[in-house]
Amino acid sequence: MKRLTQHKKIMISFVLVCLLVLNYPIIITALDSNLFGIIFSIVLFIIGGRKTNLKMSYPLLGMVALLEYISFQLHTKSLHFLALAILVCFVYYSFTRKFSFIAFICVILFSSIFNTFFNYLTVEIKQTLCYGVYLSLKNFIPITKIEGVKFYINNAKITIDTACMGLSMFKTGLLVGAFLLTLEERKQQKYFNIKQIFLFCFLIILLNIISNYFRIIILILFDCTQENTLHYSIGLLCFVFYQILPILYLIRFFKPKKEEIINVNSSKFAIVSVITGFAIVLVTSLEIKKEQRHNLLENLDSSYNIQQGIWVNTEVFKIATPNKLVYIKTPTHNPLICWTGTGYKIIESKIIIRNNEKISFVLMEKNGVQYFSYWWYECDNKKYTSLVEVLLIKLFYNKSARLINETSKTKLT
């Protein structure tokens, strides 16, 4: 019986490796940006995993099925990669009956879906932090006014860089917290419950906000918003003093609780659940490799002269005119990320009303020149400003959608 079980494990491991090889391009893309975090999460899952009487097979299988359904419908590679990562955790749990909630949070944290989510909120978070800094400093230094992330002090203009959001510091802080929690569990031979883990994560996120808040204040006081050695040194010092040191102090107040003694036969695992998970992932893997037809120019407003346009790639159509630049893209493209990635600084971002319809507006700057950018999502000849709303329509009704981005040096009417 034991030998038969061992053969099953070998076969399941072989099939898992084959699935990972099949998705090699997606995995490599994810590893390019999060190599250290992903490896750290896997190691933490192995060394921090504990045997549990919680039946994790069904929640994990449910998560894989949900993520793969969305990936199948929308061809979302980031969600597909997360499903693959959860599948690996699922197989490891099925073999050993060991699970680490701390490491599992890290797996989600370092998936590309989290990066996408954070990038969509970066500008709004940065503007909110800058306004908080403005309220704190306006009575102490001569700040004339603030426009988004641009401060006017003594007739000088200071712009806060996107890097001041500290996404890498945010992730590093959570990694440090996860490591400390796992270390404490192994040292005490006891385990934290879910409430303790989420509370500690919440405190780390709060400390990250405080760290970025003081980082912006110090950068303004030292007039050091351009990227240089002092700029990075200030960021690192704020990270250490406002995040790492408080974490090391707070961990003393978190005491793991002793887990009940359980008897789990690790040689038995739900092979049907594992095979079901493999089948779901295989079907989605084959579907996501197919070339997707986006129909970006279908039923497009006649005011856009597509004869003047060119295809940048299968997901981007560009129309350049003397007065404005128009991009027509798949809805997963975020103009804020595209513009900042090509050297533009986002000054202000908000929702406005144009022609009695809500659209997104961005004021940005490059080489001392300001640009006005307007964008929205189109689906069924209606305009939307919410990506989530558009993707839900596309998910459940299988309707095509596109993003339209108009940019000019002057305000468009």
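Any residue that is more than 22 Å from Leu363 (Cβ to Cβ), open to solvent by less than 30 Å² (accessible area, probe 1.4 Å) and modelled with pLDDT of 70 or more - is there at least one of those in segment 143-165? No: segment 143-165 contains no residue that is more than 22 Å from Leu363 (Cβ to Cβ), open to solvent by less than 30 Å² (accessible area, probe 1.4 Å) and modelled with pLDDT of 70 or more. Taken across segment 286-305, residues that are farther than 26 Å from Ile359 by Cβ and surrounded by 17 or more Cβ atoms within 10 Å (Cβ to Cβ) do occur, with at least one present.
Looking at segment 39-51, is at least one residue at pLDDT below 85, within 17 Å of Ala270 (Cβ to Cβ) and β-branched (Val, Ile, Thr)? No, there is no match, as no residue in segment 39-51 is at pLDDT below 85, within 17 Å of Ala270 (Cβ to Cβ) and β-branched (Val, Ile, Thr). When segment 355-365 is limited to residues that are over 24 Å from the mean Cα position of the chain (by Cα) and without any contact (Cβ under 8 Å) to a residue 24 or more places away in the chain, the one that is least open to solvent (accessible area, probe 1.4 Å) turns out to be Asn355.
In segment 180-218, which residues are of a type in the set (Phe, Trp, Tyr) and within 24 Å of the chain's Cα centre (by Cα)?
Phe198, Phe200, Phe202, Tyr213, Phe214
Among all residues of segment 72-81, there is at least one that is of a type in the set (A, V, I, L, M), modelled with pLDDT of 80 or more and within 16 Å of Ser285 (Cα to Cα).
Yes/no per residue for (1) out of contact with any strand residue (DSSP E or B) (no Cβ under 7 Å at 6 or more places or on another chain); (2) modelled with pLDDT of 85 or more; (3) of a type in the set (A, V, I, L, M, F, W, C):
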position	(1), (2), (3)
Leu230	yes, no, yes
Ile262	no, no, yes
Ser266	yes, no, no
Leu286	yes, yes, yes
Lys289	yes, yes, no
Trp311	no, yes, yes
Pro322	yes, no, no
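Of the listed requirements (1) open to solvent by 70 Å² or more (accessible area, probe 1.4 Å); (2) under 30 Å from Asn23 (Cα atoms); (3) assigned to a strand (DSSP E or B), Ile310 misses just one: (2). With the condition kept exactly as written, say whether any residue in segment 185-192 is closer than 20 Å to Leu109 by Cβ, at pLDDT 75 or above and assigned to a helix (DSSP H, G or I). Looking through segment 185-192, at least one residue is closer than 20 Å to Leu109 by Cβ, at pLDDT 75 or above and assigned to a helix (DSSP H, G or I). Taken over segment 61-77, residues that are of a type in the set (S, T, N, Q) and either closer than 14 Å to Leu19 by Cα or open to solvent by less than 20 Å² (accessible area, probe 1.4 Å) (or both) amount to 1.
Take the conditions modelled with pLDDT of 80 or more, of a type in the set (Ser, Thr, Tyr) and over 22 Å from Ile125 (Cβ atoms) and apply them to Ser303. Does it pass? Yes: the conditions hold for Ser303.
When you scan segment 313-334, how many residues do you find that are assigned to a loop (DSSP other than H, G, I, E, B) and either under 13 Å from Ile404 (Cα atoms) or open to solvent by 70 Å² or more (accessible area, probe 1.4 Å) (or both)? Matching residues across segment 313-334 total 10.
I'd like the residue in segment 208-257 that is of a type in the set (Ser, Thr, Tyr), out of contact with any Cys (no Cβ under 7 Å at 6 or more places or on another chain) and under 21 Å from Leu129 (Cα atoms) and, out of all such residues, is most open to solvent (accessible area, probe 1.4 Å). So the residue we want is Tyr232. Restricting attention to segment 375-405 and to residues that are open to solvent by less than 20 Å² (accessible area, probe 1.4 Å) and out of contact with any strand residue (DSSP E or B) (no Cβ under 7 Å at 6 or more places or on another chain), the residue that is nearest to Glu315 (Cα to Cα) turns out to be Cys379. Is it the case that some residue within segment 93-101 is assigned to a helix (DSSP H, G or I), basic (Lys, Arg), in contact (Cβ under 8 Å) with a residue 12 or more places away in the chain and open to solvent by 20 Å² or more (accessible area, probe 1.4 Å)? Checked segment 93-101: no residue is assigned to a helix (DSSP H, G or I), basic (Lys, Arg), in contact (Cβ under 8 Å) with a residue 12 or more places away in the chain and open to solvent by 20 Å² or more (accessible area, probe 1.4 Å).
Screening the candidates Ile347, Ile280, Ile337 for the property of being in a helix (DSSP H, G or I), in contact (Cβ under 8 Å) with a residue 60 or more places away in the chain and either under 30 Å from Lys9 (Cα atoms) or open to solvent by less than 10 Å² (accessible area, probe 1.4 Å) (or both) yields one hit, Ile280.
Residues that are on the phi > 0 side of the Ramachandran plot and of a type in the set (Gly, Ala, Ser) do not occur anywhere in segment 300-314.
The values are calculated or read from the model by the stated rules, or taken from the named source; none is laboratory data. Bear in mind that the values here come from a model prediction, so they are computed numbers and not experimental data. A quick note on method: Cβ atoms are made from the backbone with ideal geometry, for glycine too, and the neighbour counts reach across all protein chains shown. These area figures cover heavy atoms from the full protein model, side chains too; ligands, DNA and RNA do not enter into them. Shrake-Rupley method; radii C 1.70, N 1.55, O 1.52, S 1.80 Å.
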